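Single-structure report; data block below.
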Amino acid sequence: MKNSLKRGEKRLIFAIDRTQWRSQNVFVISLIEQKRAIPVYWLLLPKKGCSNLGEQKKLIRPLLQLFKGYQMLVLGDREFHSIKLANWLHSKGIDFVLRQKQGTYIRQENQSHQRLQSLGLTPGISFFLTGIQATKQKGFANF
């Protein structure tokens, strides 16, 4: 890696992903550097199917020590859409971008709840919202 990874000077971007490979359920977190994904830590899950919050924390926790002092951003696809995961990452000071399902309710400031699908998104279109409540459930922070 080039010398640009000095503490505090650069945000490190990580992608989390899980895949079924042959008989193994591989759960990995990779550092994204110069359009490359470099696996940093992985788990073999003893089951088929999606990961849960406990497994997600178990995957990410080692990075908290390994990259202590760096700004971190975690990217996740729809498997990682959990508001509980978002709250946990936020509590650890980790920025995140978690893809949401169309049925997710959001509430923008001074507006009522609406589903993401009602915003007229089509494949290939993306947008960024700040300061939203990303569920109808009470007790979750705004992101």
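The values are calculated or read from the model by the stated rules, or taken from the named source; none is laboratory data. Quantities reported herein were computed from a predicted structural model and do not represent experimental measurements. FYI the Cβ positions are ideal-geometry reconstructions off the backbone, even for glycines, and counts take in every protein chain you see. Surface accessibility is based on the protein's heavy atoms, side chains included, excluding ligands, DNA and RNA. Shrake-Rupley method; radii C 1.70, N 1.55, O 1.52, S 1.80 Å.
Pick out the one residue from 38, 32, 13 that is in contact (Cβ under 8 Å) with a residue 60 or more places away in the chain, open to solvent by 50 Å² or more (accessible area, probe 1.4 Å) and among the aliphatic types (A, V, I, L, M).
Residue meeting the stated conditions: 13.
Let me spell it out: the conditions are (1) open to solvent by less than 70 Å² (accessible area, probe 1.4 Å); (2) free of Cβ contacts under 8 Å to residues at least 40 places away in the same chain, and residue 130 meets all of them except one. Which number is the exception?
Evaluating residue 130 over (1) open to solvent by less than 70 Å² (accessible area, probe 1.4 Å); (2) free of Cβ contacts under 8 Å to residues at least 40 places away in the same chain leaves (1) as the failure.
One line per residue, one yes/no per condition, for (1) under 20 Å from residue 131 (Cα atoms); (2) in contact with a helix residue (DSSP H, G or I) (Cβ under 7 Å, 6 or more places away or on another chain):
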position	(1), (2)
56	no, yes
65	no, no
69	no, no
79	no, no
83	yes, no
93	yes, no
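At least 3 residues that are in contact with a strand residue (DSSP E or B) (Cβ under 6 Å, 6 or more places away or on another chain) and closer than 30 Å to residue 121 by Cβ in each: list the strands (runs of 3 or more DSSP E) lying fully within region 1-106 that qualify.
Those strands (runs of 3 or more DSSP E) span 11-21, 24-33, 71-76, 95-98.
Could you say whether any residue in region 104-123 is among the hydrophobic types (A, V, I, L, M, F, W, C) and closer than 22 Å to residue 32 by Cβ?
Taking every residue of region 104-123 in turn, none turns out to be among the hydrophobic types (A, V, I, L, M, F, W, C) and closer than 22 Å to residue 32 by Cβ.
Would region 6-22 turn up any residue that is over 30 Å from residue 131 (Cβ atoms) and of a type in the set (D, E, K, R)?
Scanning region 6-22 turns up at least one residue that is over 30 Å from residue 131 (Cβ atoms) and of a type in the set (D, E, K, R).
From the list 110, 52, 87, pick out the single residue that is without any contact (Cβ under 8 Å) to a residue 60 or more places away in the chain, open to solvent by 60 Å² or more (accessible area, probe 1.4 Å) and over 28 Å from residue 23 (Cα atoms).
110 is the lone residue from the list that is without any contact (Cβ under 8 Å) to a residue 60 or more places away in the chain, open to solvent by 60 Å² or more (accessible area, probe 1.4 Å) and over 28 Å from residue 23 (Cα atoms).
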